[in-house]
Amino acid sequence: MSHEINHEFPASSHTVTPLPETFGFLGKIVHSIRTRGLRYALVAVVNVVVGQTLLLALQGAMRPFWANIIAVGISAVPAYYMNRAWVWGKRGKSHWKKEVLPFWLFTAAGLLLSTVAIWVVHFFSDAKLVINFVQLSAFGILWVIRFFVLDKLFHVEVFEDDTPDEV
């Protein structure tokens with residue numbers, strides 16, 4: 001099989017046009033979404049699958065709001081490490097104030113919001129899938145906000161007097 005070279009369109013004439021640069025506040029948002037947003041979304045998909053599976057399975061053994069607390073507690077640990085390493089490219093020791101605390105504060109807020117929502121919905125329905133949907137919706141509200149907050153915090157320069165804590 002022979003490969004013909006097209007002399008009419010040489011390789012050097014095939015250029016890739018980059019996406020237009022954006023500036024200012026909107027440009028920073030677009031850049032964050034382009035560079036880390038897809039990876040963040042993929043980590044969220046993994047976290048949703050793990051968390052929803054745990055929530056569904058645990059509802060057979062306990063009340064829905066207890067199942068939610070355990071499912072969130074378990075699924076948040078791999079979510080933290082996957083976000084830290086894959087989305088923001090962090091290695092080594094975690095920094096307590098700039099990484100661990102903000103992530104877990106958002107997790108606790110999502111847990112509180114979803115647990116209250118599940119508690120309320122549980123008065124009207126015992127359907128496991130309804131409980132799962134309510135939990136997923138409550139966390140979805142905070143998911144986008146968390147991306148931008150963590151994106152900002154995980155890119156703060158760490159100076160010598162601001163060493164990371166052991167986690």
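Where a number appears in this text, it was derived from the coordinates with a stated rule and is not lab data. Here the structure is a predicted model, which means the values were calculated and not measured. Methodologically, a virtual Cβ is constructed for each residue, glycine included, from the backbone with ideal geometry; neighbour enumeration extends over all protein chains shown.
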* Asked: Given the Cα-Cα distance of residue 45 and residue 81 and 0.36 nm per residue of separation, how much length would full extension add, in nm?
  -> 11.5 nm
* Asked: By how many nm would the segment from residue 61 to residue 137 lengthen if fully extended, with 0.36 nm per residue of separation less the alpha-carbon distance?
  -> 25.1 nm
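Hey, how much of the P(r) for region 50-89 falls beyond 11 Å, as a percent of Cα pairs? Numbers along the way, then the final one.
Details: 469 of 780 pairs.
Taking all Cα-Cα pairs of region 50-89, the fraction more than 11 Å apart is 60 percent.
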* To do: For residue 38, put the label point 7 Å out on the Cα→Cβ axis and report which residues of region 68-87 keep their amide N under 20 Å from it.
  => 82-87
* To do: Subtract the Cα-Cα distance of residue 125 and residue 97 from 0.36 nm times their separation in residues, and report this length gain in nm to one decimal.
  => 6.1 nm
